[in-house]
Amino acid sequence: MTDVTVKIDGQDVTVPEGTLVIRAAEQVGIEIPRFCDHPLLAPVGACRQCLVDIPDAGNGRGFPKPQASCTIPVAEGMVVETQNSTAVKAQQGIMEFLLVNHPLDCPVCDKGGECPLQNQAMSHGQGETRFDGTKRTFPKPINLSPNVLLDRERCIVCQRCTRFAEEIPGDPGIALIQRGAQQQIGIADDKPFSSYFSGNVIQICPVGALTSDDYRFRARPFDLVSTPSVAEHDACGAAIRIDHRRGKVMRRLAGNDPEVNEEWISDKDRFGFRYAVRERLTSPMVREDGELRPASWLEAVAVAAQGLAGAGSVGVLPGGRLTLEDAKAYATFARETLRTPHIDFRSRPLSEEETEFLRSRVAGTSLTYADLDAADHVVLAGLEPEDEAGTLFLRLRKANQQGLRITALSPYASEGSRKLGAAVVLTAPGAEAEALSQVSDVTEASVILVGERLATSPGAYAAAAELADRTGARLAWVPRRAGDRGAVEAGLLPGEGGLDAEAIVRGGLDALLIAGVDPDDTADPAVFLAALDQAGFVVSLEQRVTAVTERADVVLPVAAASEKAGTFVTWEGRRRPFEKVFDKPAAYSDAEVLGHIATSLLEPASAASGAETNTASSSATGDRVGLDTPPPSGSGGSTDGGGLRLATWRLMLDNGTLQSGDKALAATARPAFVRIPVALHEEVGDVVTITGDRGSWTLPALPAEMADNTVWVPTNSFGRGVWADLASPGSTVTIEGAQQ
């Protein structure tokens with residue numbers, strides 16, 4: 001790309017050909033007022049605030065009137081004046097026009113104190129107004145969605161929100177309606193504004209027309225303390241800013257990190273923070289006479305140490321919410337203090353094949369968002385980015401719009417795949433290995449992204465590795481939880497002779513140390529709960545009351561992400577350190593609590609004596625259903641043959657624990673439904689009963705183009721979830737019409 005030199009306010013500026021005038025001015029520190037312009041959105045020239053005078057367009061002739069600098073590309077020899085009388089008069093005129101109907105409610109507006117309109121009215125507007133009429137008013141607010149509220153009289157029709165919705169996530173649910181003086185933002189006629197990323201329009205609105213139901217009228221910027229942090233809801237590592245006041249989070253905003261999330265975050269990252277204050281454990285507890293009672297830290301730590309020291313064999317299940325520092329502490333505590341190899345962070349269906357894959361293909365590797373941008377082809381297997389990795393989804397969509405080819409192996413062509421422009425290879429659960437072996441046009445410039453769901457598909461991880469080795473493509477694993485990749489790096493996988501998470505549960509160990517594990521997430525919730533009841537001693541490190549804490553012998557409350565400093569490791573292998581937001585007394589990280597227990601262990605050798613072997617657990621690895629073995633017979637059949645293959649994954653917004661307490665966010669969650677083949681839908685109707693080996697659900701049904709003999713349900717959007725209420729991993733289900 002060639003460079004061109006232009007003169008802006010007398011300064012020579014050399015920039016690449018095609019650069020917009022407003023960007024060229026930024027290169028030399030010249031500020032041009034603007035509202036509609038945003039560096040990550042396509043130029044539109046809607047607000048006209050960035051008008052400049054161009055006396056020479058590079059051809060010896062100038063424009064007869066001021067031009068919007070956000071839409072004019074530079075040309076060699078161009079001369080631009082941003083502050084002469086012509087430009088200033090134009091900018092002041094536009095500002096006066098925009099303020100004609102804008103209400104004078106800055107003291108009560110949520111944008112007050114951080115409002116571009118406020119700031120630029122002062123810097124580029126006139127001191128007095130000539131308008132003496134009655135300003136336009138509307139009933140307010142309008143709910144664009146449960147999260148996003150619109151005050152129409154404030155809107156200057158810059159179209160940032162509508163452009164974002166269409167261009168970035170591909171959810172064009174808001175649009176310009178009416179014409180002329182009545183033109184306004186409204187909900188599109190053909191589709192509601194339902195987006196996992198809707199909160200971004202609030203942050204980029206330059207005038208306070210769009211507000212958050214969660215934050216509206218609750219604070220002002222000058223009241224708040226801001227702390228940069230990292231989102232804890234997925235493995236993408238999105239940069240966020242936490243605004244808080246007197247020990248309480250008031251809102252979360254997207255941080256600006258061009259290498260990761262640019263300026264966008266999901267609604268889950270933005271609004272999902274009340275879990276840290278609702279139903280929190282406030283003090284340690286110990287079990288006495290069958291009941292949990294509050295205890296001091298000294299007593300609880302001593303009881304935990306005594307119980308673990310006296311156990312012959314101990315299993316450690318640290319879950320996937322950990323920072324890297326906490327994960328390393330669990331690894332050290334298990335292997336050096338307890339001398340046990342029985343440790344596993346995975347609180348979900350898993351397999352021995354996945355264990356080996358994580359050790360050999362994930363630990364120590366790195367693949368970045370920039371590598372995705374440079375790839376010629378991305379293959380997705382066992383991964384639905386829109387639901388499971390929001391930042392990754394936005395980066396893939398952006399790359400696709402710039403020419404990236406995407407292939408998705410999926411049981412049905414999802415909305416997320418459509419937004420990514422992906423070619424969907426319809427793949428039944430368990431058939432991913434065969435599908436991967438047949439993917440074409442994979443080169444050394446390609447990237448293969450595999451999700452944690454492939455653990456339930458025998459041979460799939462091996463097929464992905466073989467495809468990468470054969471073609472030279474890059475390979476990366478994208479887990480669901482923020483701490484999973486850090487857990488792999490810290491070695492929270494079974495040691496030599498050790499049991500994995502499912503075998504630990506089935507193995508009848510003497511003691512269990514558990515943190516951040518929801519039994520309903522595991523492959524067999526009933527077995528997990530039974531193991532808790534049967535274990536001789538259970539220690540729980542947890543933030544909230546759970547089914548684990550209710551059964552534990554010692555409960556030790558630990559800090560949430562905002563209450564400690566740490567590092568998350570993203571799916572890329574990128575380390576994302578973050579600061580402590582709140583310095584709360586007795587809010588200890590997992591690492592600190594483990595350190596106290598280790599110090600209190602009077603006889604560490606006794607804990608080691610029986611922990612290195614466990615004959616009772618040796619048979620447990622063969623008890624899994626549909627994990628290391630192919631699905632049961634009938635899984636490829638029809639409803640007449642005894643079963644349909646069950647596909648499932650978690651929606652971004654569901655019944656997850658970390659979304660508890662956020663009512664507006666919960667109201668935007670997509671409803672639970674069953675996706676079934678079109679022909680089957682015609683047979684059974686719009687409401688069906690789906691029955692598995694663990695129970696039945698009656699849900700609305702939607703027809704879809706599906707892989708053969710396959711149905712899909714969301715994992716955790718109904719009841720206690722699929723594994724607790726419906727079916728075991730790898731099993732089949734039946735469908736029949738329900739009585740309405």
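The values are calculated or read from the model by the stated rules, or taken from the named source; none is laboratory data. Predicted, not measured: the structure shown is a model, and the values here were computed from it. Ideal geometry is used to build each Cβ from the backbone, glycine not excepted, and the neighbour counts take in all protein chains shown. These area figures cover heavy atoms from the full protein model, side chains too; ligands, DNA and RNA do not enter into them. Shrake-Rupley method; radii C 1.70, N 1.55, O 1.52, S 1.80 Å.
In table form, for the structure just shown:
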| quantity | calculated |
| --- | --- |
| Value of D in µm² per second that Stokes-Einstein yields for the range 321-416, Kirkwood Rh from Cα pairs, at 20 °C (1.002 mPa s) | 131 |
| Cα-Cα over 23 Å, subset of 65/111; 268/663; 111/584; 140/398 | 65/111; 111/584; 140/398 |
| Per residue solvent-accessible surface (Å²) - the chain, probe of 1.4 Å | 39 |
| Centre separation in Å (Cα based) which lies between the range 538-584 and the range 188-256 | 23 |
| Helix axis angle, 85-99 relative to the chain longest principal axis, alpha carbon, degrees | 60 |
| Cα gyration tensor shape for the range 168-223, rounded if a/c is under 1.5, else prolate or oblate | oblate |
| Bins of 5 Å from zero: percent of alpha-carbon pairs in the range 411-488 | 3, 14, 21, 25, 22, 12, 2 |
| Note, ³J(HN,Hα) from phi for the range 29-36, Karplus 6.51, -1.76, 1.60, rounded to Hz, x at Gly and Pro | x, 8, 8, 10, x, 7, 10, 6 |
| Approximate shape of the chain as ellipsoid semi-axes (Cα gyration tensor, √5λ), whole Å, largest first | 50, 30, 25 |
| In sequence order, calculated HN-Hα J values of the range 340-352 (Karplus, 6.51, -1.76, 1.60; Hz; x Gly/Pro) | 10, x, 8, 9, 7, 7, 7, 10, 6, x, 9, 7, 5 |
| Cut-off under 5 Å, modelled amide H: who pairs with residue 234 long-range | 482 |
| Calculated from backbone phi, Karplus (6.51, -1.76, 1.60) coupling profile of the range 287-297 in Hz, x at Gly/Pro | 8, 9, 6, x, 10, 7, 9, x, 9, 6, 4 |
| Disulfide-incompatible cysteines by the Cβ rule (no partner under 4.7 Å) in the chain | 50, 70, 106, 109, 115, 155, 161, 205, 236 |
| Long-range amide H partners of residue 644 with built H, under 5 Å | 733, 734 |
| Whole-Å distance, taken between Cα centres, linking the range 696-740 and the range 61-126 | 55 |
| Residue-span extension gain [residue 544 to residue 181] - 0.36 nm each, minus C-alpha spacing | 125.5 nm |
| Accessible carbon and sulfur surface of the chain relative to its total accessible area, %, 1.4 Å | 50 |
| The range 238-349: Cα Rg divided by the 2.2 N^0.38 Å rule of thumb | 1.45 |
| Modelled FRET efficiency - R0 51 Å, residue 63 with residue 584, Cβ distances, 0.05 increments | 0.30 |
| Cα centroid separation, the range 294-314 to the range 1-22 (Å) | 68 |
| Loop-located GluC sites (Glu not before Pro) in the range 466-508, at most 13 other Cβ atoms within 10 Å (DSSP) | 496 |
| Within the chain, helix-based [θ] at 222 nm, where runs of 4 or more DSSP H residues each add -39,500 (n - 2.57), nearest 500 | -6500 deg cm²/dmol |
| Percent of alpha-carbon pairs separated by more than 18 Å within the range 542-594 | 44 |
| Under-5 Å amide H pairs with residue 51, H placed in peptide plane, nonlocal only | 69 |
